[in-house]
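Chemist: I have a structure here, written as C-alpha cells, and I will follow up with some questions on it.
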Amino acid sequence: MRNICFVTPHMPAPTETFIRAHMERIRGNVFHLYSYNLDYATQGVPLRELYPEKRPSWYRWLHLLPYHWVFRFYHRKREERSDFALASRYLREHSINLVFAEFGTAGAVVAPVCASLNIPMVVYFLGFESTRKDIVEEFRERYQFLFRYASVVFVVARRMAEDLVALGCPAEKIVYNPCVPHPDYLKVSADYHSNTLVAIGRQTLKKAPYLTLLAFYEAQKVYPELRLVMIGEGELQEINTRIVRALHLEDKVSLRPFQTREQILEQMGDTLMFVQHSLMAANGDSEGTPVAILDAMASGVPVVATRHYGIMDTVVDEETGLLCDEGDLETMIRNILRIAGDRRLAAQLGQNGRRRVTDLYTMDRHISLIEEKLKGL
C-alpha cells in the first residue's frame, strides 16, 4: 500500500469536508504536512521540534577555527535546517511515494521538494488560488513549475480549467472533479410550505450578501410572511448588520454565525429556497464548487443564484433552480417571487436538484475518479 502525504496550507477547517474526505477515503497510509512556505508541521508538531538541532560537544570551540571554515560550516547548517530540507527529510523518512496537495498554492510550494526526491504528486485547485489576481501574480512562476511536474491537476469548476490552461497548464493534465455535499443532506425532507429563505457562506465580497439582503427586502414587500436566515461570518458582517437595521428588517432577517452541520441540517428542513448572489470580486476572487448550494440541492431545496463560475456547473436554470446574471438584482427579485408564489414550482425544482446530486455529485463518484487517476503513479 502506498504512503501518501497530504499537503495543505493549514489544518483543514470543519467546513472543508472535501479535504477531510480525501484524507479518510483515498487508499493508502496517510501522512499530513501543513502550513505555508514549507514551515510544515505534522500531527500538531512543527518539523523544527520533530527534528531538533543536535550540536556536537566540540561546537562551543568552533569560533577558534579559521573564519572561512566557520562560514562554510554555518552555511551548511543553515541549509540542513531550512524548511525545504526538513520537509524533504520528513518525506524520505516516511517513505512517501505520493504527495497530494490541496490548493494550488500548497502544490506550488511543495512541488520543488517532490521533484528533488523524484516523488510523484497531484494537486487540487479549489478556488481562490486560480482567480484572485494578487495570488495568481504572486505564484505565477511557481505555478509554471507545478504544472510541469504534477502528474494530475484536479479542478472543481470548468471555468477553472480554462483559467489554468491560460496560465500554462497542459490541458491533458487537468481533470474536472467538483466537490460534493455531505451525504447527510440527502436525508433532509425540505418543507415547501415554509416561508424561510436561507443563505449560507462567508460574508465576503464574492458572495455579495448585501445584494441578497436587498433582493429579500423587495421580495418581502410582496410576501410579508417571508423570512431570511443568513449563516456565516466574514469581513462584510458589520455592513450586513447595518443594512438590516437601515431597512428595518430586524424582525425578518436573522444573521447567525457559522453553525454545525447538525444545526444546518435542521435549518434545511425548514427552508423554502436557498439564495446566493455570487459575483466576481474586484480582485478576481470567484466561487469554485459552491458546496453550500450542493448541500441545499441534496436537501431538495430549490436554489436562487447567479450565473457565476462554478455555480453554472451545478445549478441548471429552470430545472434545479433559477439563475440571473451577476449584479442583476431585478431578476433575482423576480426569481424569489416566482418560487414564493408557486410552491409546486418550488417542489419541482427542489426534487430535480436532489436527483442531480444523486446522479452527479456523490462522494463515491468523487473518490472513485481520484483513485482512477492515481493508478500507476
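Chemist: Relative to the longest principal Cα axis of the chain, at what angle does helix 329-341 sit, 0 to 90 degrees, rounded to 10?
Modeler: 60 degrees
Chemist: What net charge do the residues around HIS22 carry, taking every other residue with its C-beta under 12 Å from that of HIS22, with Lys and Arg at +1 and Asp and Glu at -1?
Modeler: Overall, the nearby charge balance is -1.
Chemist: Please give the length that would be gained between ALA166 and LEU329 if that part of the chain were fully extended, namely 0.36 nm times their separation in residues minus their C-alpha to C-alpha distance (nm, one decimal).
Modeler: Residue separation times 0.36 nm, minus the Cα-Cα distance, leaves 55.6 nm.
Chemist: Once label points are set 7 Å from the Cα along Cα→Cβ at both GLN144 and ASN37, what is their separation, rounded to one decimal in nm?
Modeler: Output for this residue pair reads 2.4 nm.
Chemist: Using the beta-carbon distance between HIS10 and TYR51 and R0 = 22 Å, what value does 1/(1 + (r/R0)^6) give for FRET efficiency, to the nearest 0.05?
Modeler: 0.55
Chemist: With charges set only on the Cβ (+1 for Lys and Arg, -1 for Asp and Glu), what does the dipole of segment 183-360 come to about its Cα centre, in debye to the nearest 20?
Modeler: 260 debye
Chemist: Moving on. Which of the listed residues, THR42, HIS308, GLN237, is farthest toward the dipole's positive end in the chain, when Lys, Arg count +1 and Asp, Glu count -1 at the beta-carbon?
Modeler: Ranked along the dipole, the leading option is THR42.
Chemist: Would you compute, from DSSP H runs of 4+ residues alone, the mean residue ellipticity of the chain at 222 nm, taking -39500 (n - 2.57) per run and dividing by the full residue count, rounded to the nearest 500?
Modeler: -13500 deg cm²/dmol
Chemist: What percent do you get for the relative contact order of the chain when only Cα pairs under 8 Å and 6+ apart count?
Modeler: Taking the mean separation of contacting Cα pairs over the length of the chain, I get 15 percent.
Chemist: About its Cα centre, what dipole magnitude does the chain give when the only charges are +1 on Lys and Arg Cβ and -1 on Asp and Glu Cβ, stated in debye to the nearest 20?
Modeler: 1380 debye
Chemist: For the charge dipole of the chain, defined by +1 on Lys and Arg C-beta atoms and -1 on Asp and Glu C-beta atoms about the Cα centroid, which residue among VAL188, THR320, GLY284 has the Cα displaced farthest towards the positive pole?
Modeler: Going by the Cα projections, it comes out as GLY284.
Quick note: the coordinates plus some simple rules give every number you see, no bench work behind them. Note that the coordinates shown come from a computational prediction; the quantities given were computed from them, not determined experimentally. With ideal geometry, Cβ positions are generated from the backbone for all residues, glycine too; neighbour counts draw on all protein chains shown.
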